[in-house]
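Enquirer: Sharing a structure here in structure tokens format.
The values are calculated or read from the model by the stated rules, or taken from the named source; none is laboratory data. In this text the structure is predicted, and so the values were computed from the model without any measurement. All Cβ positions, glycine included, derive from the backbone under ideal geometry; neighbour counts span all protein chains shown. Quick note on the areas: whole protein, heavy atoms, side chains included, nothing else; ligands and nucleic acids left out. Shrake-Rupley method; radii C 1.70, N 1.55, O 1.52, S 1.80 Å.
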Amino acid sequence: MRSRLKIFILYILIIGFASVPELCLGQASSGHLGLRTVVIDPGHGGKDPGALGKSKNMHEKHIVLSVAKKLGDKIKAEYPQVKVIYTRTNDTFIGLHERAMVARRNNADLFISIHCNGSSSAEAKGTSVHILGQNSNNKKNKTDYFERNMSVAQRENSVIVLEEDYKTKYQTFDPNSPESYISHQLQWMAYYESSLLFASEVVSNLIKAPLVPRRLVVDQDIFQVLVEANMPAVLLELAFVTNPVEYKYLSSENGQNEIAGRLFNAFSSYKTKFDASVSVGKSGPEPVKTVEDKEVNARNSDASDTVNEYYSVQIMGLGRYLKDGDPALKGLDVNRIRKDDSKIYKYVTGTYRTVNEAKEALLQVRKKFPDAFVVKVTGNDVIRAN
């Protein structure tokens, strides 16, 4: 068993946590361009109160529902084209499986699960953001994160046993079994980069006074609701309801409004970058030309002289230049295409005469980049192919 854990941890560490990517991969999970649907999940509810607050009318389930609705209202007001869906809109118990299924049935582009923390110690405090996975950003930290994170995840996942017919719904997932967590490791990483990008926006916008960060602000954990979401997803622990100071802030109307406003700012920033990665909306000011840009333009010019129009497979759009052999390219030979008025490098692989040839190649590319898609390249123009 311990050897299997070592293999698993090495696999996760390959992904790395050295820096937050400027932009997310490829396309929205629902197949359209841009962020169009967000599912907001207020944790707990009904017979599951979550962490208990000082007042019976203001437990975790009440706080997160209020924050979720306020956040959704702000998104709908600013982005009427974005569909906002809640997993619950009242004090109702919703199972973890159904929460994830709400997002999947609606082809959500982003899943935000909102929680508060609790502890037996009134001194415990801080805000944390969780994405699917497991490893430490601190190389000096030798903590066994599989053991530590699994205990935290098990606390959140323990609500599974409250659901009717839970043994059938989760027949492949035992919340107390390490093997169950390991078996989902490949699925964990499918939307890793986009989830990490949104998590970084939450950290930048949400965690300001009076909220304070936990020791690990962005943590990688094994929450079942994230496992089943199958899309860019985060789980937020806003603060501790068991801490008197933080509870006062969490339970106040002003505090909840402020938290919702900060989360909206994170969403707005993430949406701008997400949409820019697939050239939706304005691209911003013209970027400064670099040596890399000149190299890209020269390659594009040479390519347009020989093959004016072709099909390819786009694996990502990034705001930074990746050199040949960069681990992020996963061994693929790529062309980097960037229009003069854009900040985005579009990374494409392969040159094909027909869209069908590109679609055949796509099957292999998606083994390394699940969000890859076929594009039509004409000079410096890259357009998603049907």
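Enquirer: Among the residues of the range 98-131, count how many are open to solvent by 10 Å² or more (accessible area, probe 1.4 Å), out of contact with any strand residue (DSSP E or B) (no Cβ under 7 Å at 6 or more places or on another chain) and either among the aromatic types (Phe, Trp, Tyr) or closer than 21 Å to Glu237 by Cβ (or both).
Expert: Residues flagged as open to solvent by 10 Å² or more (accessible area, probe 1.4 Å), out of contact with any strand residue (DSSP E or B) (no Cβ under 7 Å at 6 or more places or on another chain) and either among the aromatic types (Phe, Trp, Tyr) or closer than 21 Å to Glu237 by Cβ (or both) within the range 98-131 amount to 4.
Enquirer: Of all residues in the range 50-95, count the ones that are within 22 Å of Asn230 (Cα to Cα), under 20 Å from the mean Cα position of the chain (by Cα) and open to solvent by 20 Å² or more (accessible area, probe 1.4 Å).
Expert: Counting residues in the range 50-95 that are within 22 Å of Asn230 (Cα to Cα), under 20 Å from the mean Cα position of the chain (by Cα) and open to solvent by 20 Å² or more (accessible area, probe 1.4 Å) gives 4.
Enquirer: Same structure again: Among the residues of the range 174-194, is any touching a Cys at 6+ places or on another chain (Cβ under 9 Å), at pLDDT 85 or above and not charged (D, E, K, R)?
Expert: No, that holds for no residue.
Enquirer: OK, next. Do we have any residue at all in the range 202-217 that's modelled with pLDDT of 65 or more, more than 22 Å from Val64 (Cβ to Cβ), out of contact with any strand residue (DSSP E or B) (no Cβ under 6 Å at 6 or more places or on another chain) and surrounded by fewer than 24 Cβ atoms within 10 Å (Cβ to Cβ)?
Expert: Within the range 202-217, one or more residues are modelled with pLDDT of 65 or more, more than 22 Å from Val64 (Cβ to Cβ), out of contact with any strand residue (DSSP E or B) (no Cβ under 6 Å at 6 or more places or on another chain) and surrounded by fewer than 24 Cβ atoms within 10 Å (Cβ to Cβ).
Conditions tested, residue by residue: (1) at pLDDT below 80; (2) assigned to a loop (DSSP other than H, G, I, E, B); (3) touching a strand residue (DSSP E or B) at 6+ places or on another chain (Cβ under 7 Å); (4) open to solvent by less than 30 Å² (accessible area, probe 1.4 Å).
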site: Val288; (1), (2), (3), (4): yes, yes, no, no
site: Ala298; (1), (2), (3), (4): yes, no, no, no
site: Ile315; (1), (2), (3), (4): no, no, yes, yes
site: Tyr347; (1), (2), (3), (4): no, no, yes, yes
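Enquirer: If I ask for residues that are of a type in the set (Asp, Glu), open to solvent by less than 40 Å² (accessible area, probe 1.4 Å) and assigned to a helix (DSSP H, G or I), which ones from the range 233-254 would you list?
Expert: Residue satisfying the conditions is Glu246 alone.
Enquirer: For the range 63-84, give me the residue count where each residue is in a loop (DSSP other than H, G, I, E, B) and either without any contact (Cβ under 8 Å) to a residue 60 or more places away in the chain or in contact with a Cys (Cβ under 9 Å, 6 or more places away or on another chain) (or both).
Expert: 2
Enquirer: Condition check: surrounded by fewer than 23 Cβ atoms within 10 Å (Cβ to Cβ), hydroxyl-bearing (Ser, Thr, Tyr) and without any contact (Cβ under 8 Å) to a residue 40 or more places away in the chain. Does Thr37 satisfy that?
Expert: no
Enquirer: I need the full set of residues from the range 345-386 which are touching a helix residue (DSSP H, G or I) at 6+ places or on another chain (Cβ under 6 Å) and β-branched (Val, Ile, Thr), in order please.
Expert: Val374
Enquirer: Taking the range 77-91, which residues are charged (D, E, K, R) and within 20 Å of Arg105 (Cβ to Cβ)?
Expert: Answer for the range 77-91, where residues must be charged (D, E, K, R) and within 20 Å of Arg105 (Cβ to Cβ): Lys83, Arg88.
Enquirer: Can you tell me which condition Tyr321 does not meet? The list is (1) modelled with pLDDT under 75; (2) surrounded by fewer than 18 Cβ atoms within 10 Å (Cβ to Cβ); (3) not in a helix (DSSP H, G or I), and all the others hold.
Expert: The number of the failed condition is (1).
Enquirer: For residues in the range 336-381 being under 12 Å from Gly317 (Cα atoms) and among the hydroxyl-bearing types (Ser, Thr, Tyr), which is farthest from the chain's Cα centre (by Cα)?
Expert: Only one residue tops the list, namely Ser342.
Enquirer: Which residues, counting only those in the range 203-218, are under 16 Å from the mean Cα position of the chain (by Cα) and either part of a loop (DSSP other than H, G, I, E, B) or among the β-branched types (Val, Ile, Thr) (or both)?
Expert: Within the range 203-218, Val203, Val217, Val218 qualify.
Enquirer: Kindly provide the set of residues from the range 41-54 that are farther than 26 Å from Val245 by Cβ and among the hydrophobic types (A, V, I, L, M, F, W, C), ordered by number.
Expert: None; the set is empty.
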